[in-house]
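The values are calculated or read from the model by the stated rules, or taken from the named source; none is laboratory data. Worth saying up front: this structure is predicted, and the values here are computed from it rather than measured. With ideal geometry, Cβ positions are generated from the backbone for all residues, glycine too; neighbour counts draw on all protein chains shown. Accessible surface areas use protein heavy atoms only, side chains included; no ligands, DNA or RNA. Shrake-Rupley method; radii C 1.70, N 1.55, O 1.52, S 1.80 Å.
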Amino acid sequence: QVQLVESGGGLVQAGGSLRLSCAASGRAFSSYGMGWFRQAPGKERELVAWRRWSSSGTYYADSVKGRFTISRDNAKNTVYLQMNSLKLEDTAVYYCIASTIQWPPMTAPDVSYWGQGTQVTVSS
């Protein structure tokens, strides 16, 4: 089992920044890919960013490229999502995820573990 605990969501004005954190624990999570999905009201969950835990290789949705950065701290077993230049359309619940496949998990069935979710609200 892998446990994922998110933190760092909140309310921010458009153009501002937030950093989400995801603390991972459990067996062999270093062999997983880690990332972030989000789900806005009335929309399906979408993969926002993803990276392999133990090597390079990242994925970003087109809508966040150049604004969001996914990173990890191996010593803290933590994955981060730095979100800059936030837009109203970034408002969503953000979920930390872990997957066993070696490529980005583009859909929910490809995800092995989910965090509880953290709300990000961008206001005008």
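Scanning region 52-61 for residues that are without any contact (Cβ under 8 Å) to a residue 24 or more places away in the chain, outside any loop (DSSP other than H, G, I, E, B) and surrounded by fewer than 19 Cβ atoms within 10 Å (Cβ to Cβ) gives a single hit, Thr58.
Each residue in region 34-67 was checked for being at pLDDT 90 or above and under 15 Å from Ile97 (Cβ atoms), and 18 pass.
Within region 9-32, the residues that satisfy the criterion of being in contact with a Phe, Trp or Tyr (Cβ under 7 Å, 6 or more places away or on another chain) and modelled with pLDDT of 90 or more are Gly9, Arg19, Leu20, Ser21. Note on region 67-95: among residues that are within 15 Å of Ala40 (Cα to Cα) and not in a loop (DSSP other than H, G, I, E, B), the one that is most open to solvent (accessible area, probe 1.4 Å) is Glu89. Condition check for Val64 on (1) more than 12 Å from the chain's Cα centre (by Cα); (2) part of a loop (DSSP other than H, G, I, E, B); (3) under 27 Å from Ser123 (Cβ atoms); (4) hydrophobic (A, V, I, L, M, F, W, C): one failure, at (1). Which of the residues spanning region 20-43 are within 14 Å of Asn84 (Cα to Cα) and either among the small types (Gly, Ala, Ser) or exposed (fewer than 14 other Cβ atoms within 10 Å of the Cβ) (or both)? Within region 20-43, none qualify. The set of residues from region 67-83 being farther than 16 Å from Arg38 by Cα and under 15 Å from the mean Cα position of the chain (by Cα) comprises Ser71, Arg72, Asp73, Asn77, Thr78.
Taking region 9-19, which residues are surrounded by fewer than 17 Cβ atoms within 10 Å (Cβ to Cβ) and closer than 26 Å to Ser54 by Cα?
Selection gives Arg19 alone.
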